[in-house]
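The values are calculated or read from the model by the stated rules, or taken from the named source; none is laboratory data. In this text the structure is predicted, and so the values were computed from the model without any measurement. Here the Cβ is made from the backbone with ideal geometry for all residues, glycine too, and neighbour counts use every protein chain on show.
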Amino acid sequence: MRTFKPIFLAVFAVAAFLWICGCNYTQTYTPEFNGKQAAVLDSINSKYSFEDVEIQGKITSGTGGNHSVLTIRFVNGKNLPADDDKMTALAKQLAKLVKSTLKNPKAIESYTVFFEIKTVDGITTTTHSTGHEFKPGEI
């Protein structure tokens, strides 16, 4: 039994090291905006009357390096197109507008735009969303 203890510890140490190295860590943050953010969001809301607009940055760190994604959620909008192609074009247009309000847009590797429909019925909240992802060169 004594001969297996050092081998077991060595195997355990290697497995723990590989597990830690393979992990990804995600950190959320509020992106920094230039002075145009309020005006751009007001212009978007005047046309589509979103109940809420949430903008959140995420940095994922792992063995592949750091990756940054900006997630933009538009909640309960009005006058949105029903056609999928028009919805994708709108998502791209809105991502471009939000990108123009960032202090450092070059730090973002991907923009994800969600259109959410939230329905509250008593204590139950139902959410349905559609999402579109764009690389900076696409917008």
### Task
Check off (1) at pLDDT below 90; (2) more than 27 Å from Leu90 (Cβ to Cβ) for Gln27 and give me the number that stays unchecked.
(1)
### Summary
Residue pairs within 7 Å by beta carbon, gap of at least six or interchain, first lying in segment 67-88 and free of Cβ contacts under 8 Å to residues at least 40 places away in the same chain and surrounded by 15 or more Cβ atoms within 10 Å (Cβ to Cβ), second assigned to a loop (DSSP other than H, G, I, E, B) and of a type in the set (S, T, N, Q), listed first then second, are Gly77/Ser49
### Query
From the set of residues in segment 104-137 that are surrounded by 12 or more Cβ atoms within 10 Å (Cβ to Cβ) and acidic (Asp, Glu), which is farthest from Gly77 (Cα to Cα)?
Glu109
### Query
Quick check, is Gly77 of a type outside the set (S, T, N, Q), touching a Leu at 6+ places or on another chain (Cβ under 6 Å), closer than 17 Å to Gly131 by Cα and modelled with pLDDT of 90 or more?
no
